[in-house]
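The values are calculated or read from the model by the stated rules, or taken from the named source; none is laboratory data. Computed from a predicted structure; not experimentally measured. No Cβ is skipped: glycine too gets one built from the backbone with ideal geometry, and neighbour counts run over all protein chains shown. Only protein heavy atoms, including side chains, enter the accessible area calculation; ligands, DNA and RNA are left aside. Shrake-Rupley method; radii C 1.70, N 1.55, O 1.52, S 1.80 Å.
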Amino acid sequence: MPVRKAHSGAHEAHGDPAAAEAGDGSTDDSDLAERESRWNHALVGSGLGVWDHNYRLNRKYYSPTWKTIRGMAPDEDVAGDYEAWLQLVHPDDRDFVAHAIDRQNAGDPDYQIFQYRERHRDGHWVWIDCRGACVEWDENGVPTRVVGTDTDITARKEAEETLSRLSRRLDLALEVSRIGVFEADIENDVVEWDDRLIAIYGLQGAARKIGGDAWAKSLHPDDRERVLGLADRSVESGSDFQQEYRIIRGDGVERIIRARSAFFVDGNGQRKLIGANWDVTEEVALRNELQRAKDLAEARNRELEAAKESIEHLALHDYLTGLPNRRYLDKMLDDRAAECRVNGLALAVLHIDLDRFKQINDTLGHRAGDAMLQHTANVLRHSVRAADFVARIGGDEFVILCAVDAASKKIASLAERLIRELRRPVRYEGHDCRFGASIGIAVDGGAKLDAKQTLLDADIALYRAKGLGRNRFEFFSASARNDIVSAKQLADEILIGLERDEFVPFYQLQFDARTLDVTGIETLARWQHPVHGLLTPDRFLDIAEDLDVVSTIDALILERALADRRAWIKDGLSIPKISVNVSARRLTDPDLGKKLRALKIEPGAIAFELLESISLDDCDEAVAANLKKLRKLGIDIHIDDFGTGHASIVSLLRLSPNTLKIDRELIRMLPQSAEQRKLVGAIIDIGRSLNILVIAEGVETADHVRILEQLGCDTLQGYALARPMPAMQIPSFIRAGCWRLGLTAARGLQTHLRRALPSRRVK
C-alpha cells in the first residue's frame, strides 16, 4: 500500500506498530518480541510488503519487503508526501487509486483489495496487489488504523497478458478460419460445442452442451455408417480421428465438414476428447474442380504428347516415302560416327541421285515421279541391313549410312546391286518407266572420323560419277576434293573480285578488210586477279555461270565500255561502234530494257554479240521481247562464233542481225584448206545475200588478211592486226597506225619467200 492521505488533524509518522502496541502496555514484552519475530519471518518468506497506518498515533510503517518492491533500500525512509507519491501511480490508474484509498480508509469492504501500477525506481511499471482493512475505530466509529499488504504481481500480470494475448489470437484464428471447437466427455456422453461449431451445424439457439447423438443425427445418411464406424474405432483404440464427411445442417443445407480430434485425460482423471470441425464445402468443390481440370489437362497433355510425337515424326521423316529426311540424317551422322569410333568400324556414306528422273516428271507428270520415288525408297529399304540408315534428303537424292569393316568390299557390291535394281523398268499406268542411279561413296574411320565431312566427300564422288556418264558409282578421292575445293575457292574469289571492281574491259580493234581502217572495237572481259594477274574468260567463265554472275559481269563491262568510249571521243578519237558480249541469262531478264535505257546509250554506238550456241532457233518469248527492245534502243545485234553452233538460215531471217562473226576455227586453216575457203566464202555469200555484214575473227597472219579480202569479207579481227589491249592504249595505237606497218612488212616477207622457194600448189 502506498503512502496514504492522513485524516484531518493528524500528522504522519514512521515507526514499528508492534512497538506502538507495547507502548500501550497491552502485551508482555517477551511475548510481543516472539510474536513479532514469528510474523516477520512469515511475511519475509511470503514476499508480502506490510504497511500499517495508525491515524490515532500518527504513525506509518512500511516493511523492508514493501520498499524492495518499489526499488528502495530496506532502511530507506519513506517520504510522507501523498501527492508526490500519487504521481508515481500509472496515469491510467491514478484516479481509481485515489478513490480506492479513500474508500479503504473509510472501511469500505468493497475496496479492501484492488490492483494498480506504480513506477519502480529504475523506471518500469510494477503491478501491485493491495490488500488492506480497518482494524481500529474511535468512539464515533471512525476508522483510526488501517493495516495491509502489497504484493508484486508484475510477473503474474505479464503471464496473464501473454495468456490473454494468445487466447485472443487463438480465438481470432478460429474465427478467421471458421473453425468450431468441441470438448466431449466420453464417460457421460456430453459434448460442449462453441458458438462457431453450433453455427457451422446450423443449430442456432441450441445449448452449448449437447448430447452425443446430436452429432450423429446431423451426419449425411450416405456417410453416417462409415463415419460412426470410424469414430467408434477411434474411441476404442484411443487414436486420433481425422475424416471428411457430409452433414445435413439444421436448416436442411448439405455441407462438407473436415474433422480432427484427439483424446486427453483431465485433472480429475476423466477421459475426454477435444476436436475441431470446419466447413470445407467450397474447398472440396474447388479441389474437385481442380481435379477435373487436372484430369482434363492430363488428357490434353496426352493428346499433345501424341501430337508432339506425330509432329516430331513428320519433322524427321519424308512425307512421301516415309524415309528419314535431311534433318534426321544430320542427327544420325554424329551418332553413327560415335558408334564407329567406339566399335573400331568405318562409316560408309552412299549418296544416290536418280538419273533421267526429270524426264519422267516432264512426260508422265509428278504423280508418276512420286511413284518412282516410292519405288526407289522400297528398293533401298530391302537392299540394306536392318542396322543401316536410309534417308531421302530432297528431290531425287537419297543417302545410306553403313557401319562396315574398313577393308570390306561389301559397299561396292551394295552399290552395284542398287544400280542394277534401279535400272529395272517400273510399270506405271501402262507405261514402262526407266531410270537409273548414280552413286557417290565415301568411307572413313578412326579416332578423327568426321561424319559431316564424309557426307561431303560422298557428294563429291557423286558429282564425279555423274560427270563420267551416270548409272555408275565412284569412290571419293582426294584429287576430286582438290578440284572441288579449287572451284569453290575460285568462286569465292570471283565474288570478292566483283566487290573490288577487279573485272575490267580489254579491247580488240576491228578493221575494214579492204582499206584496213578501224571500223569498230570488241569489248572483252578480263579479270585483274591480285595474285594470278590478268585472266581471260576461259579461266573463270564456267564458275561465273554456276554462280549466276555472268550477267553482272556483262553489265559491268558494258558500263565501263561506254565510259571509255566517251573518253576517247572527248580525246578526239572517233570509234564507230563498240560490241559487247551478252549472256543467255541476261537476255531473259525482264528488266533488261529498263536497265539499258538508264544508261542513255547513243543509237548505233553499241552492238550486242549473241553466241550462236544460245539456240537462236527456239528463243522463248522473253528473249524475243528483249531483242525487239534492243533494236528500238538502236543497239545492233551480232551473231558470234557463227558456223560452230546451230543457228539455221531461218533463224537468221527471223532475227535479221546486223553482223555475223565467223568462228576462228573456220578461219584458222584457210591458207592450207581449199574446203575451208569454200565454206567461209559460202558464209560470206549468205551474209551478202541477206544484207548482213560478216566479220572474221582469228585473223592471225597476212595470208588470212589476203584470203579474206579476196573472199569479200567485210571486217577483220585478230592478232595479225591488233591484240586485245586496255583502254588507255587504244588512242596511241590508232594514231600510230601500227597494224598497217606490221602487215606491209609481213606481206613483203611472204613475197620474198615465194620468189625464193620452188613453186607449189597450196591446198
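Observations, loosely collected:
- Accessible carbon and sulfur surface of the range 364-434 relative to its total accessible area, %, 1.4 Å: 47
- Inverse mean reciprocal Cα-Cα distance (Kirkwood Rh) of the range 684-744, Å: 12.7
- Net charge in the neighbourhood of GLN115 (other residues with Cβ under 9 Å of its Cβ; Lys, Arg +1, Asp, Glu -1) is 0.
- For the chain, accessible area per residue (1.4 Å probe, heavy atoms of protein chains only), Å²: 55
- Correct option for percent of Cα pairs over 42 Å apart [calculated from the coordinates] among [x] 69; [y] 42; [z] 47: [x]
- Normalising the Debye intensity of the range 254-390 to I(0), with uniform scatterers on Cα atoms only, and taking log10 at q = 0.19, 0.20, 0.21 Å⁻¹ returns -1.17, -1.21, -1.25.
- Gain on full stretching of the segment that runs from ASP538 to ALA478 - 0.36 nm per residue minus C-alpha separation: 19.1 nm
- Spacing of the two label points (7 Å from each Cα toward its C-beta) at GLU254 and ARG226, in nm: 1.3
- Using the Karplus relation 6.51 cos²θ - 1.76 cosθ + 1.60 with θ = phi - 60°, the per-residue 3J(HN,Hα) values for the range 219-229 come to 5, 4, x, 6, 10, 4, 4, 4, 6, 5, x Hz, with x marking Gly and Pro.
- Simple rule: put +1 on each Lys or Arg Cβ and -1 on each Asp or Glu Cβ in the range 75-198, find the dipole, and look at PRO143, LEU166, TRP125; the Cα lying farthest toward the positive end is LEU166.
- Working note: Karplus 6.51/-1.76/1.60 with θ = phi - 60° gives the range 440-453 the couplings x, 10, 9, 10, 8, x, x, 5, 9, 4, 10, 5, 5, 5 Hz, where Gly and Pro are set to x.
- Cα→Cβ-extended label distance, 7 Å offset, between LYS410 and GLN489, nm: 3.9
- With a Förster radius of 35 Å applied to the C-beta separation of ARG165 and ARG208, the computed FRET efficiency comes to 0.90.
- Qualifying lysines (Cα of each under 29 Å from Cα of LYS209; at least 8 residues distant if same chain): LYS217, LYS272
- For the range 319-433, the C-alpha radius of gyration sits at 1.15 times the compact-globule guess of 2.2 N^0.38 Å, with N the residue count.
- Local charge for LYS410 was computed over the other residues whose Cβ lies under 13 Å away, with Lys and Arg +1 and Asp and Glu -1, and equals 0.
- The ratio of the alpha-carbon radius of gyration of the range 518-643 to the globular-protein estimate 2.2 N^0.38 Å is 1.08.
- On Cα atoms only, tilt of 738-756 relative to the major axis of the chain in degrees: 40
- Measuring spread by the Cα atoms of the range 462-566 yields a radius of gyration and Dmax of 18.6, 61 Å.
- Taking label positions 7 Å along the Cα-Cβ direction at both ARG420 and ASP685, the computed distance is 6.0 nm, reported to one decimal.
- Sorting the segments 685-696, 224-235, 704-715 by their mean number of nearby beta carbons within 10 angstrom, highest to lowest, gives 704-715, 685-696, 224-235.
- Cα-derived Rg to Rh of the range 143-199, Kirkwood definition: 1.32
- 24 Å Cα-Cα reach of LYS60 towards lysines, excluding residues that sit fewer than 8 places from it in its own chain: LYS5
- For the range 199-267: rounded, prolate or oblate by the Cα gyration tensor [a/c cutoff 1.5]: oblate
- Among the listed pairs LYS570/LYS595; LYS632/LYS678; LYS488/LYS661; LYS577/LYS632; LYS410/LYS448; LYS410/LYS452, those beyond 28 Å (Cα-Cα): LYS632/LYS678; LYS488/LYS661
- Computed per residue of the chain from DSSP H runs no shorter than four, each worth -39500 (n - 2.57), the mean residue ellipticity at 222 nm is -14500 deg cm²/dmol.
- In the range 218-308, Rg over Rh equals 1.21, where Rg is the alpha-carbon radius of gyration and Rh the Kirkwood radius from pairwise Cα distances.
- Between the helical axis of 478-499 and the longest alpha-carbon principal axis of the chain there is an angle of about 90 degrees.
- Along each principal axis, Cα extent of the range 296-377, largest first, Å: 53, 43, 15
- Summarised as an ellipsoid, the range 108-208 has semi-axes of 45, 22, 12 Å, derived from the eigenvalues of the Cα gyration tensor scaled by 5 and square-rooted, with the largest first.
- Sequence-distant lysines (8 or more away, or on other chains) whose Cα lies within less than 23 Å of LYS157: LYS67
- The alpha-carbon positions of the range 24-157 define a convex hull whose volume is 129 Å³ per residue.
- Computed over neighbours whose Cβ is under 15 Å from that of ARG156, the net charge equals -2, Lys and Arg +1, Asp and Glu -1.
- Counting only protein heavy atoms and a probe of 1.4 Å, the accessible surface of the range 505-621 is 50% carbon and sulfur.
- In sequence order, calculated HN-Hα J values of the range 568-581 (Karplus, 6.51, -1.76, 1.60; Hz; x Gly/Pro): 5, 4, 4, 7, x, 9, 8, 10, x, 7, 10, 9, 10, 7
- The range 339-387 - Debye-derived log10 I(q)/I(0), Cα point model, q = 0.19, 0.30 Å⁻¹: -0.73, -1.12
- Counting only protein heavy atoms and a probe of 1.4 Å, the accessible surface of the range 55-94 is 51% carbon and sulfur.
- Extension gain, GLU559-ASP75: 0.36 nm per intervening residue step, less the Cα-Cα distance, totals 161.8 nm.
- The simple Förster model, with R0 at 35 Å and r as the Cβ-Cβ distance, assigns HIS382 and ILE496 a FRET efficiency of 0.10.
- In units of the compact-protein estimate 2.2 N^0.38 Å, the range 272-339 shows a Cα radius of gyration of 2.28.
- With Cα atoms, 0 to 90° folded angle of helix 702-711 axis to the chain main axis: 70
- Evaluated on the range 420-523, the Kirkwood hydrodynamic radius is 18.7 Å, with distances taken between all distinct Cα atoms.
- Loop-resident sites, the range 313-415, for chymotrypsin sites (Phe, Trp or Tyr not before Pro), counting at most 12 other Cβ within 10 Å (DSSP): TYR319
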